[in-house]
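Asker: Here it is, the structure in full.
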Amino acid sequence: MATSGTPKEIARQMTNDCIAMRLRQLNRMVTRLYDEALRPLGFTTNQLNILATIVSRGPIAPGQLGQMLAMEKSTVSRTIDRMYKHGWIDIGPGKDRRSQSLKATPQGRQLLLTAAPLWDELQANVLDATADNANLLAAVGISAQRSVDDGDDAEETFYSDEFAADFYS
């Protein structure tokens, strides 16, 4: 599909068809749902992912953790420092003098157990088209009840103020 037309037409084509933009939007929306649900426990989706990976893999080096989760080195470092200060993980010596090893503390394991019911509920509902978050499906161009003659309506839905608020917040 070739992109052509005026700058505004090209921009519309890109915003309607850009996979990267849609995935980033979806990522922000899903992350927001998880972060809001986890907030009463005092931690974030990112911290939950790190904690679950450490618990499931056993002691792990920060670099290996970052590779597994496709995270920047600085993000891993900053996040594990916060988690260590909360008492959720221990940072011990690694295989050599320059490396470290991360492992979950009993408090971190308990936090994971406490978060599990919230996670279960989120997993069950995040893409439920009847839930309040049904716009997640629309963010990637999927409608729960897509009709054959959607036509231009789909484009108008994507450009609604609701999507703009989610996209730019």
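The values are calculated or read from the model by the stated rules, or taken from the named source; none is laboratory data. These figures come from a predicted structure and were not determined experimentally. When we count neighbours, we look across all protein chains shown, and the Cβ atoms used for this are built from the backbone with ideal geometry, even at glycine. Only protein heavy atoms, including side chains, enter the accessible area calculation; ligands, DNA and RNA are left aside. Shrake-Rupley method; radii C 1.70, N 1.55, O 1.52, S 1.80 Å.
Asker: Quickly run through the range 35-82 and pick out the residues that are polar (S, T, N, Q) and in a loop (DSSP other than H, G, I, E, B).
Answerer: Within the range 35-82, just T44 meets the criteria.
Asker: Among the residues of the range 38-55 satisfying the criterion of being touching a residue at least 40 places away in the same chain (Cβ under 8 Å) and open to solvent by 30 Å² or more (accessible area, probe 1.4 Å), which is nearest to the chain's Cα centre (by Cα)?
Answerer: Ranking the qualifying residues of the range 38-55, first place goes to A52.
Asker: Could you identify the single residue in T114, T79 that is open to solvent by less than 50 Å² (accessible area, probe 1.4 Å), modelled with pLDDT of 95 or more, closer than 29 Å to L26 by Cβ and among the polar types (S, T, N, Q)?
Answerer: So the residue among T114, T79 that is open to solvent by less than 50 Å² (accessible area, probe 1.4 Å), modelled with pLDDT of 95 or more, closer than 29 Å to L26 by Cβ and among the polar types (S, T, N, Q) is T79.
Asker: Next up: Please tell me if V30 is within 26 Å of V126 (Cα to Cα), open to solvent by less than 50 Å² (accessible area, probe 1.4 Å) and at pLDDT below 95.
Answerer: So V30 passes the test.
Asker: Under 9 Å by Cβ, and 6 or more places apart or on different chains, what pairs join a residue from the range 1-15 that is free of Cβ contacts under 8 Å to residues at least 40 places away in the same chain with one that is polar (S, T, N, Q) and exposed (fewer than 12 other Cβ atoms within 10 Å of the Cβ)?
Answerer: E9/T3; I10/T3; I10/S4; Q13/T3; Q13/S4; M14/T3
Asker: While we're looking at this one, here's another question. Considering G58, G108, G87, which residue is at negative phi and open to solvent by less than 50 Å² (accessible area, probe 1.4 Å)?
Answerer: Every option except G108 fails the conditions.
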